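S.K.: Let me give you the structure first, and then I'll get to my questions.
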């Protein structure tokens with residue numbers, strides 16, 4: 001899932017502020033000739049909002065060159081993805097999700113002279129061309145994320161030099177799973193090496209059986225396939241598992257792989273037929289463990 005959001009959900013546009021002269025009543029000084037810049041808050045905010053409208057347009061039209069021109073050459077996001085890798089991620093995303101609908105809403109905007117920060121809520125919905133075993137047809141993705149974009153002026157133009165993801169959650173469903181309500185829950189943050197609980201909830205219709213596997217994996221590119229250790233879901237429709245966060249201070253995803261099956265008993269045999277498959281994910285940002293110096297520990301013990 002992260003391959004999609006890292007490519008489609010982290011795009012922005014340029015802004016350039018022109019010099020505007022201020023009239024001066026004094027005959028001795030003409031500030032218009034100096035070229036002061038109008039740095040009014042309203043003007044900057046309007047320009048940046050316009051950039052995000054362009055971002056939607058370029059993404060919808062798959063205009064890769066225009067999109068990548070919005071990033072500085074030294075761009076690196078908080079997951080370690082640079083401009084070259086972001087370009088590749090975007091190409092792969094358009095192949096896997098050629099017709100998804102992308103929407104964005106600005107939640108916060110702060111712009112200074114040379115730096116700006118924009119927080120957005122972004123969603124991706126639509127069909128995927130990727131197929132799965134056992135089921136005909138394509139899947140449907142539904143994802144949302146809250147991102148923070150960091151911009152800076154480069155030769156007079158605004159460019160993205162980094163971004164971070166505060167929240168990210170997605171679901172990819174096939175077959176009858178598209179019509180079944182299900183969700184994954186995990187903490188938004190966890191300390192490196194610590195334990196946390198991830199749970200999956202599935203409103204299983206009475207005529208079906210749900211099998212669930214819950215795992216976690218560091219965010220990396222390309223994303224590996226989560227290990228499958230399926231368990232039949234509990235009667236209360238909730239399956240939980242205690243996971244241990246990675247110790248490498250890398251952000252990770254909690255995954256729930258869900259199989260919806262139809263079971264039939266024939267004499268002594270139980271036949272299972274897969275009718276739906278879903279993969280749910282939620283980002284868990286990993287915090288670095290802070291170890292108290294031994295000298296401070298001894299000092300506290302004597303107080």
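The values are calculated or read from the model by the stated rules, or taken from the named source; none is laboratory data. Since the model is a prediction, treat every value here as computed from it, not as a measurement. All Cβ positions, even for glycine, are placed from backbone atoms using ideal geometry, and neighbour counts span all protein chains on display.
S.K.: Check whether at least one residue in segment 56-78 is within 23 Å of residue 218 (Cα to Cα), assigned to a strand (DSSP E or B) and touching a residue at least 24 places away in the same chain (Cβ under 8 Å), and report yes or no.
M.R.: yes
S.K.: Among the numbered criteria (1) in a strand (DSSP E or B); (2) surrounded by fewer than 19 Cβ atoms within 10 Å (Cβ to Cβ), which single criterion is violated by residue 145?
M.R.: (2)
S.K.: What number of residues within segment 122-142 satisfy the criterion of being under 27 Å from residue 42 (Cα atoms) and either at pLDDT below 90 or buried (at least 17 other Cβ atoms within 10 Å of the Cβ) (or both)?
M.R.: The number of residues fulfilling the criteria is 1.
S.K.: If a residue has to be outside any strand (DSSP E or B) and surrounded by 13 or more Cβ atoms within 10 Å (Cβ to Cβ) to count, how many in segment 98-111 make the cut?
M.R.: Counting residues in segment 98-111 that are outside any strand (DSSP E or B) and surrounded by 13 or more Cβ atoms within 10 Å (Cβ to Cβ) gives 1.
S.K.: Checking the structure you have, find out if any residue of segment 190-213 is part of a strand (DSSP E or B) and within 30 Å of residue 49 (Cα to Cα).
M.R.: No, because not a single residue in segment 190-213 is part of a strand (DSSP E or B) and within 30 Å of residue 49 (Cα to Cα).
S.K.: Could you please find all residues in segment 167-182 being crowded, with 16+ Cβ neighbours inside 10 Å and within 17 Å of the chain's Cα centre (by Cα)?
M.R.: Once the filter is applied, which keeps residues that are crowded, with 16+ Cβ neighbours inside 10 Å and within 17 Å of the chain's Cα centre (by Cα), segment 167-182 yields 168, 169, 170, 171, 172.
S.K.: Being surrounded by 18 or more Cβ atoms within 10 Å (Cβ to Cβ), at pLDDT below 90 and in contact with a strand residue (DSSP E or B) (Cβ under 6 Å, 6 or more places away or on another chain) is the requirement here; does residue 75 meet it?
M.R.: no
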